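S.K.: Below is a structure I'd like to ask you about.
Taken together, the values in this text are just the output of simple stated rules run on the coordinates, not laboratory data. These figures come from a predicted structure and were not determined experimentally. Positions of Cβ are backbone-derived with ideal geometry, glycine not excepted, and every protein chain shown enters the neighbour counts.
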Amino acid sequence: MTPEKLGLKPGWGPSKPRSGDPAHPLAAELTRRLGDRKVLSSLSERLNYRYDAIQFGVTPVCVVLPETTEDVVTVVGAARRAGVPVVGRGAASGLSGGAAPMQEAVVVSFTRMTGLQIFPGRREAVAQPGVITLKVSEAARPHGLIYPPDPASFRTSTIGGNLGENAGGPLCFKYGVTGDYVRGLEFVDADGNVHVLDRNAYDLPGLLIGSEGTLGLITSATLRLTPPPRHTRTLLASFTEVGACAEAVSAAIAAGAVPSKLEFMDRACVGAVEDYLGLGLPRAAEAVLLVDTDGDDLDTVQGELSLVEAACRSSGGDVRRAGSDAESAALWQARRSVSPALGRIRPQRMNEDIVVPRSALPEVVRQIRALGDESGFHLVQFGHIGDGNLHPNILFDPRRESVDAVHDLAHRIALVAIRHGGVLSGEHGIGTMKREFMRDAVDPVTLDVLRDVKRTLDPAGALNPGKVLPEAEAPETGEAARVHS
Ligand SMILES: Cc1cc2nc3c(=O)[nH]c(=O)nc-3n(C[C@H](O)[C@H](O)[C@H](O)COP(=O)(O)OP(=O)(O)OC[C@H]3O[C@@H](n4cnc5c(N)ncnc54)[C@H](O)[C@@H]3O)c2cc1C
């Protein structure tokens, strides 16, 4: 299997455009209608829009930078008449290949649609898709409000991309994911019609959220805001055994604690962050938990932290409470630095995003560690453990290590999750990376229903083709077939 087929970012791309290629007729038409300021058609410009954070795709025929919903309607209509697919793109920080075109397409890059209005009385923000995630909270804060969904990429990711993936983050255990904050959406469908939706009957916005640009292009979102908690407290717990760490999480929650953040890092992950930043994390621990509790009443916040502390200690953990805001910030800097820390170890990584029931976590973490050891790859685990969301990362160098073997290991990790009642993705989406694994995770009848939904909203398959749903004609041989038979 080739790296291109795997959807990995191997340092070479599948398409080999020539610099003398004439402008595509669609590029010429869109330039005529929208003006050349909004259409990028030179090869050097187009090359920059064929990838996301994990994968190279095909060089687009042109890139459109819309400024209004009408511009999006124009692109979708012209592309439909020309028979060219459309791929929506935010900041391209996605980790499953969502924004990388998999065939010749027009890329609609939303980075100029950055309109943002805050309505403090209604505790709402109305954001265009190109708004950077962090900007919503920055704009809301002077009004005593925040927007809680906090992917670690929130300084670069966009609201459109967050909606496309239904992004989560550390705060999501207590506060919920992107979709929990959406009151309404405006989107352009595959025929170029504009729809303005609230979340009543049939919850169509719910269908669009997490659909990875395959059902429509979101042009505006009404987002719920909430007051920030007045107090936050942090602790770090270290364990000599991963299972004990997972047990402590369940025990703390069973005791009534609802931490705002509940993050897990395994020994390999702690080692990578320590090598990078040297913040004093316990290198010898097999697993660490990083926990925040928050609220408006300090006694309650401290009490909740005590519940977590007691659960950790009774599971054999060593606990250190952050003594100051600075210490707390340093601990969270360690968590946010996982991605760059891993990038120093190998040039490539395949980032899994499985979710399993919390009760299965000890066994799942152990089995994945064993698979990693057996494979010889450098494997690191971390994640939002409160939600059962794990990110096993396979680090590799495609010049020296087999990309097929990486894919095989990723598939075996996905099967571990499925066997334990879990799912393929908590927040990064399916994209191209886990598309084939959908055969194992979703039974054939349900897959057909999903294909029907796609056909209803996008009959010609013009929106982000090659993502999420595997081709229908391939034989059903996966785990699901065995389970369902
Ligand atoms: C260092 C790092 C840390 C990360 N941490 C997290 C994390 O903690 N939690 C998390 O959830 N993710 C995380 N991610 C993944 C990524 O940042 C998120 O998936 C994010 O939501 C993607 O936003 P984006 O603007 O980059 O979207 P893109 O990558 O550009 O697009 C993502 C998907 O959305 C679609 N899309 C984009 N705009 C629109 C639109 N207007 N309408 C319809 N579809 C659209 C695209 O077609 C694509 O399928 C991380 C990534 C990195 C690199």
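S.K.: By average Cβ neighbour count within 10 Å, what is the ranking of 393-399, 444-450 from highest down?
M.R.: 393-399, 444-450
S.K.: Of the beta bridges DSSP finds with both residues in the chain, what % are antiparallel, to the nearest 5?
M.R.: Percentage antiparallel, nearest 5: 85.
S.K.: For Asp404 and Asn48, what is the calculated FRET efficiency with R₀ set at 35 Å and r taken between the beta-carbons, to the nearest 0.05?
M.R.: 0.75
S.K.: What ratio of Cα Rg to 2.2 N^0.38 Å holds for the stretch 344-389?
M.R.: 1.23
S.K.: Of all alpha-carbon pairs in the stretch 316-382, indicate the percentage at a distance above 19 angstrom.
M.R.: That fraction is 54 percent.
S.K.: Per the Cauchy relation, a quarter of the hull surface: what is the mean projected area of the convex hull of the alpha carbons in the stretch 346-419, in nm²?
M.R.: Seen from a random direction, the Cα hull of the stretch 346-419 projects 4.4 nm² on average.
S.K.: Cα centroid distance between the stretch 220-254 and the stretch 330-401, in Å?
M.R.: One Cα centre to the other: 19 Å.
S.K.: Calculate log10 I(q)/I(0) of the stretch 78-202 for q = 0.12, 0.16, 0.23 Å⁻¹, where I(q) comes from the Debye formula with a single equal point scatterer on each Cα and nothing for solvent.
M.R.: -0.49, -0.85, -1.48
S.K.: Provide Thr232, Thr432 in ascending order of the number of other Cβ atoms located within 10 Å of each residue's Cβ, fewest first.
M.R.: Thr232, Thr432
S.K.: Between His231 and Asn200, what length comes free when the chain is fully extended (0.36 nm per residue of separation minus the Cα-Cα distance, one decimal in nm)?
M.R.: The span from His231 to Asn200 would gain 7.7 nm if fully extended.
S.K.: State the Cα centre-to-centre distance between the stretch 167-215 and the stretch 68-100 in whole Å.
M.R.: 17
S.K.: What nm distance separates the two modelled labels at Arg419 and Asp452, each placed 7 Å from Cα along Cα→Cβ?
M.R.: 3.3
S.K.: Taking Cα pairs under 8 Å and at least six residues apart, what relative contact order does the stretch 346-419 come out at, in percent?
M.R.: Relative contact order of the stretch 346-419: 43 percent.
S.K.: Roughly how many debye, to the nearest 20, is the charge dipole of the stretch 231-340 about its Cα centre, given +1 on each Lys and Arg Cβ, -1 on each Asp and Glu Cβ, and no other charges?
M.R.: The dipole of the stretch 231-340 has a size of about 240 debye.
S.K.: If you count, for each residue, the other Cβ atoms within 10 Å and average over each peptide, how do 236-246, 361-371 line up from highest to lowest?
M.R.: The packing order, highest mean first, is 236-246, 361-371.
S.K.: Can you compute log10 of I(q)/I(0) for the stretch 231-384 with the Debye formula, treating each Cα as one identical point scatterer, at q = 0.09, 0.15, 0.18, 0.19 Å⁻¹?
M.R.: With no solvent term, the Cα-only Debye profile gives -0.28, -0.77, -1.09, -1.20.
S.K.: So what is the relative contact order of the chain, in percent, for Cα pairs below 8 Å that sit 6 or more residues apart?
M.R.: Result for the chain is 15 percent.
S.K.: So for Glu124, Glu104, Glu471, fewest C-beta neighbours within 10 Å to most, what's the order?
M.R.: With the fewest neighbours first, Glu124, Glu104, Glu471 line up as Glu471, Glu104, Glu124.
S.K.: Based only on the alpha carbon positions, what is the Kirkwood hydrodynamic radius of the stretch 152-204, in angstrom?
M.R.: It is 12.6 Å.
S.K.: Mind checking the angle between helix 69-82 and the chain's longest principal axis? C-alpha axes, 0 to 90 degrees, to the nearest 10.
M.R.: 60
S.K.: In the stretch 211-311, what is the volume of the convex hull around the alpha carbon atoms, normalised per residue and reported in Å³?
M.R.: 181
S.K.: If you fit an axis through the alpha-carbon atoms of helix 361-375 and take the longest principal axis of the Cα set of the chain, what angle between them do you get, 0 to 90°, nearest 10?
M.R.: Computed tilt is about 70 degrees.
S.K.: Then there is this: Summing -39500 (n - 2.57) over the DSSP H runs of n ≥ 4 in the chain and dividing by its residue number, what mean residue ellipticity at 222 nm do you reach, to the nearest 500 deg cm²/dmol?
M.R.: After summing the helix terms and dividing by the residues of the chain, the value is -10000 deg cm²/dmol.
S.K.: Still on this structure, please answer the following. For the chain, with only Lys/Arg (+1) and Asp/Glu (-1) charged at the beta-carbon, what is the dipole magnitude about the Cα centre, in debye rounded to 20?
M.R.: Using Cβ point charges on Lys, Arg, Asp and Glu, the chain gives about 1040 debye.
S.K.: Could I get the Rg over Rh figure for the stretch 289-335? Both from C-alpha atoms, Rh via Kirkwood, rounded to two places.
M.R.: 0.97
S.K.: Now for a different question. Please give the direction-averaged projected area of the C-alpha convex hull for the chain, in square nanometres with one decimal.
M.R.: 23.0
S.K.: Ok, one more. Could you give the angle, 0 to 90 degrees to the nearest 10, between helix 403-419's Cα long axis and the longest principal axis of the Cα atoms of the chain?
M.R.: 60
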